[in-house]
1. Can you tell me which residue in region 431-459 is surrounded by the fewest Cβ atoms within 10 Å (Cβ to Cβ), limited to those that are in a loop (DSSP other than H, G, I, E, B) and touching a Gly at 6+ places or on another chain (Cβ under 9 Å)?
2. When you look at F185, is it at negative phi, among the aromatic types (F, W, Y), under 22 Å from the mean Cα position of the chain (by Cα) and buried (at least 19 other Cβ atoms within 10 Å of the Cβ), yes or no?
3. Hey, among A331, A289, A315, A376, which residue is modelled with pLDDT of 85 or more and small (G, A, S)?
4. Return yes or no: is T159 assigned to a helix (DSSP H, G or I), over 20 Å from I233 (Cα atoms), free of Cβ contacts under 8 Å to residues at least 40 places away in the same chain and among the polar types (S, T, N, Q)?
5. Quick check on this structure: which one of L150, L121, L129 is within 19 Å of F77 (Cβ to Cβ), out of contact with any helix residue (DSSP H, G or I) (no Cβ under 8 Å at 6 or more places or on another chain), in the same structural domain as L92 (by TED's automatic domain parsing) and of a type outside the set (K, R)?
6. Among the listed residues L462, L427, which satisfies the condition of being buried (at least 19 other Cβ atoms within 10 Å of the Cβ), modelled with pLDDT of 85 or more and more than 30 Å from L514 (Cβ to Cβ)?
7. For the subset of region 376-409 comprising residues that are of a type in the set (D, E, K, R) and not in a helix (DSSP H, G or I), which member is surrounded by the fewest Cβ atoms within 10 Å (Cβ to Cβ)?
8. Being free of Cβ contacts under 8 Å to residues at least 40 places away in the same chain and assigned to a helix (DSSP H, G or I) narrows it down to one of A640, A611, A688, A668, so name that one.
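The values are calculated or read from the model by the stated rules, or taken from the named source; none is laboratory data. Values in this document were obtained by computation on a predicted structure and should not be read as measured data. Here the Cβ positions follow ideal geometry from the backbone for every residue, glycine too, while neighbour counts run over all protein chains shown.
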Amino acid sequence: MSYDEVEPTTATAATTGTHDVASPTAVPDDIIAEFDEERPARRLQARLDRAITAYCFVVSLFVLYQVFYPLPQGKQFSLIVFLSVTLPLTFLLYRGRKHRRNPLRSDAPTGWDWALTAVTLFVCTYPILPLVIGDGGGGFDAFLNRQGMLGVVDVIAGTALTVLILEATRRTTGLVLPIFCIVFFLYAYYGGFLPMDWAISHAGVDFDQIINGFYNDQSGFFGTPLGVAATYIVLFIIYGAVLSATGAGRFFIDFSFSLFPSSRSASGRTVVTSGFLLGTVSGSGTATAVTLGSLAWPILRRAGYPRNNAGGMLAAAGIGAILSPPTLGAAAFIIAEYLQVSYLEVMIWAIIPTILYYVGIFLAVEIDARRFATQAVDVPRKHLGKLVARFGYHFLSLAVIIFFLAVGLPPFRSIVYATLVAALFGLVERTVSRRDPLDDDAVVQRLPAAVLSYLGELYRSLASGIRSAMPVVAVCAAAGIITSVIVKTGIGLTFARLLVSLAEAISDEPAVTLIITCVLAAIAIILLGLAVPVTASFIISWVIIGPALITLGVARPEAAMFIFYYAVLSEVSPPTALAAVASAAITGGDTIKTMWQAAKYTLPAFLVPLAFVLTPAGGSLLLKGALVTSLWTAVVSLIAVAALAGATGGWVLGPASWPERTLLLLGALCCLYLVPASIGIGLVFIAAAVVLNGLRRRRGRRRLDSPAGMIASAS
């Protein structure tokens, strides 16, 4: 079984010559370009593409160099340089319009795009230019000395950069986030004109001070979000690109196929496992779902899965890797930075929730295999032991990250070392085999040609890492607008008080108030995530909803992980659910029905985060506190997840009736409220559902065994 290379930059797709081609599908590259928020859309002319690739390669070397030899001028100076070498590229890599008017015409950047690139480069580098321009300029130190008292030229440059960041964000992620930023900007400026008795009114902020907060303050463009993008996120994107260049993506798929012997549920298990492993390479739930779908949908179809269920499974598998260590998603790095904890600690917090997520999906797979009477599908499988012995080195770079984090090395250095390990093993592999090792049809090359071919792939992968980071850079810079306004106006605390007041208006009982607040918060985060990318959704939610949860006694780690999970799950939440929409395009299924199937598979992930925050014992699910408490809360949560899978899949010991499914759902909800009384009630509900299902099945078998049942069955 051979797979084409998985490329994680402008599009990520894998195809195979050994499996059927999905019938109603579009090209995977085009599906990713349409539905994934974080993928370049413009296809450049060859000469310009080569030039930008070379430039991005140099930028990637600069980013890697910065890990070990940071610029002596400090963090803000470094972020100015980073934004200067990345943001201008957005106007060359992305179209101003979503689609070309005439597909036959060149997709090259227009003169307007080049002008925007030049202006962006100037206003980004302006704070560090040693030139005196009117009452501005003069270098970095002079720029900092004018903090709070910007000159006219400073304000003009800052305003221009604000507009350009919004335009870059619009080109990469759509209109919604820029509109959010504009609303916050208008609130900062006009909030002083609101009636004083309104809770959201404030003293008002002058235009110059607003721009100062954006341009010359660490809560603005050059704040924590961009700092995380310039270190953790970009490095992980480069790491994923290098993994892909070494053939790790294809190995992970081969490994998943070989892991499960042929059975009626093997196809579904393979999809879930492949999604988890491929997510470490692509870093995108939508891209992972499409890459996996182009391979797995023909197999799922032959196994007997309906289109909508298969699409939902693909979306759930694709999104799982973003919720799971060791890579998690971009927002996880921001959690580490906001809470001032190590990334390893965030990874540890995610271990039990990840287990619960995948237990839920695997149980759903087993239930669907029985409901749809799926069949075993014979596909070419390599011997698992031989495959791991030959290509298991692809797992080593992931182990390197965990090891170096465990011994206290900073995460950005751990990522760089893991990238070097992956690259070196790839070089050794190509030197020894002198061919693409996972392509059975590859021709053995001469050693110099094989090494040069691999180095070329490595060169392109380093460049593609920077190109793929453009949307994240734009989003994190735009997030600086929102965080700056929140800091200057205090609107975050105001919204938090309003949210708590709304819950208290419904009930003044503290436990009920907390439940209502958390439910409202979850809904708000999901709705926000439907409109803006995950990273921006987390940042906005943390500064607005986070204080409300903390005010009610929720610990900061639990509040952060609660927000993180709901921000990520927006990718599989109706009515947008980009991962599900892309999967439906692969399977040819109904988009809305595919969304609901994806929600069914991921339901445990929607409910488990509530357990983090509703009771003191919930924090133990993040492996905080006593190990014994973590163990019993994990066991109870596993029971709850199993009950949820049965309720949504309609299966207990056999097909479940609606009363039995209702009992399972109530039991799961009670068990997730981790106090003894509620757990006891939940277990009674679940036991009742199992007993009723067993009795009904026994009665059904007796009827079939009776003479009348035999006659009816024969007829």
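1. D441
2. no
3. Result of the check over A331, A289, A315, A376: A315.
4. So T159 fails the test.
5. Result: L129 is the single residue among L150, L121, L129 that is within 19 Å of F77 (Cβ to Cβ), out of contact with any helix residue (DSSP H, G or I) (no Cβ under 8 Å at 6 or more places or on another chain), in the same structural domain as L92 (by TED's automatic domain parsing) and of a type outside the set (K, R).
6. The match here is L462.
7. Of everything passing the filter in region 376-409, D378 is surrounded by the fewest Cβ atoms within 10 Å (Cβ to Cβ).
8. Exactly one of A640, A611, A688, A668 is free of Cβ contacts under 8 Å to residues at least 40 places away in the same chain and assigned to a helix (DSSP H, G or I), namely A688.
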